[in-house]
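Here is the structure we will look at, set down as structure tokens.
The values are calculated or read from the model by the stated rules, or taken from the named source; none is laboratory data. All values reported here derive from a predicted model rather than from experimental measurement. Ideal geometry is used to build each Cβ from the backbone, glycine not excepted, and the neighbour counts take in all protein chains shown.
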Amino acid sequence: MNEPRGDTTSIARAYQRGLTLLVLSVVLGLALSGWLQGWVGSAHFSVASGVGGGAATGGEVPRSRQGLVLTAENRGQVLFGRSCDSCHPGGREGRGVSLLTPEFRRDFKTEADIVQLVRDGTCNMPAYNRFLLADEDLVPIAQFVLNRAKVAATAASAPPLPALDGPGILQHRCASCHARIDKPIDARDVQVLYALDTMAKCAGLTTEQKTVLRTFLQAQQAR
Ligand code: HEC
Ligand code: HEC
């Protein structure tokens with residue numbers, strides 16, 4: 001008859017121990033969060049007063065995550081962050097390609113080039129129609145991408161790459177994919193001209209590149 005009673009007391013003890021632990025952890029948690037808030041708050045304050053002492057004395061509450069607040073100036077950056085950054089992190093390579101390379105600067109010269117690619121999509125990038133991304137949102141994004149690429153190019157201070165000619169486009173924009181799935185593309189094959197509209201979109205060619213490639217292919221066919 002002693003055993004069950006012993007059981008109940010050990011259960012009660014265990015319960016008490018559990019309760020003590022719970023209370024302790026709650027108290028600790030509260031203390032920790034209080035300390036963290038104080039710490040973040042003060043770090044925040046010192047940064048704000050260090051950077052903009054004038055504004056701080058004006059009684060303005062410093063905003064911590066300014067980058068995420070949509071303003072007229074950062075519109076392109078913030079919207080890029082929402083729609084594109086997941087695949088082009090900071091414009092760099094991720095699931096998508098880098099938008100900061102000299103090759104990107106060579107191929108995408110204008111906002112319109114970027115807008116068109118985003119509207120059409122490619123074989124590897126989803127298309128964004130006007131319901132997904134309105135014009136007034138896409139244009140600032142394109143401006144942001146173009147500016148970032150310009151700054152990156154200046155930093156690299158390399159001479160600008162010459163535009164790709166027909167064979168260059170076939171090699172750099174088409175062959176990478178076809179090498180894996182098919183026999184090499186033969187520019188004299190009339191199929192290539194037939195497939196141009198679909199494949200230019202698939203490869204994300206700009207209008208200019210598509211025209212250059214078409215002219216090159218037509219010259220090849222005539223031979
Ligand atoms: C789901 C991933 C994904 C998202 C989201 C995405 N992209 Fe892309 N993007 C890609 C991939 C992959 C490529 C390479 C396409 C190819 O080679 O066919 C690419 C290519 C591009 C290119 C052409 C680069 C080149 O040199 O050929 C541009 C410009 C571009 N993306 C801009 C954007 C913008 C602007 C957004 C946001 C509106 C965006 N992308 C969102 C995956 C993505
Ligand atoms: C993202 C990968 C990819 C890129 C980039 C790409 N293609 Fe293709 N292409 C394909 C796939 C997939 C098919 C369909 C293959 C099939 O069904 O046999 C195809 C089919 C074709 C065909 C038809 C082949 C046939 O015999 O029916 C031609 C021609 C072609 N591509 C040319 C091009 C050209 C030119 C470019 C560059 C502007 C290009 N491709 C870029 C993936 C790609």
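Tabulated results
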read-out	value
Hits in the stretch 70-108 - residues which are assigned to a helix (DSSP H, G or I) and under 17 Å from His172 (Cα atoms)	Pro102, Glu103, Phe104, Arg105, Arg106, Asp107
Condition check for Thr207: near ligand 2 (Cβ under 8 Å from one of its atoms) and either loosely packed, with under 15 Cβ neighbours inside 10 Å or not assigned by TED's automatic domain parsing to the domain that holds Phe108 (or both)	no
Tally, over the stretch 97-130, of residues that are in contact (Cβ under 8 Å) with a residue 12 or more places away in the chain, among the hydrophobic types (A, V, I, L, M, F, W, C) and buried (at least 16 other Cβ atoms within 10 Å of the Cβ)	9
From Leu133, Leu213, Leu138, Leu170, residue being crowded, with 18+ Cβ neighbours inside 10 Å, part of a helix (DSSP H, G or I) and in the same structural domain as Leu100 (by TED's automatic domain parsing)	Leu138
Members of the stretch 134-157 that are farther than 16 Å from Thr206 by Cα, touching a helix residue (DSSP H, G or I) at 6+ places or on another chain (Cβ under 6 Å) and of a type in the set (A, V, I, L, M, F, W, C)	Leu138, Ile141, Phe144, Ala149, Ala153
Among (1) under 30 Å from Gln220 (Cβ atoms); (2) more than 16 Å from ligand 2 (Cβ to nearest atom); (3) at pLDDT 95 or above - the single one Leu161 does not satisfy	(3)
Every residue from the stretch 74-96 that is touching a residue at least 24 places away in the same chain (Cβ under 8 Å) and more than 6 Å from ligand 1 (Cβ to nearest atom)	Arg75, Gly76, Gln77, Leu79, Phe80, Gly91
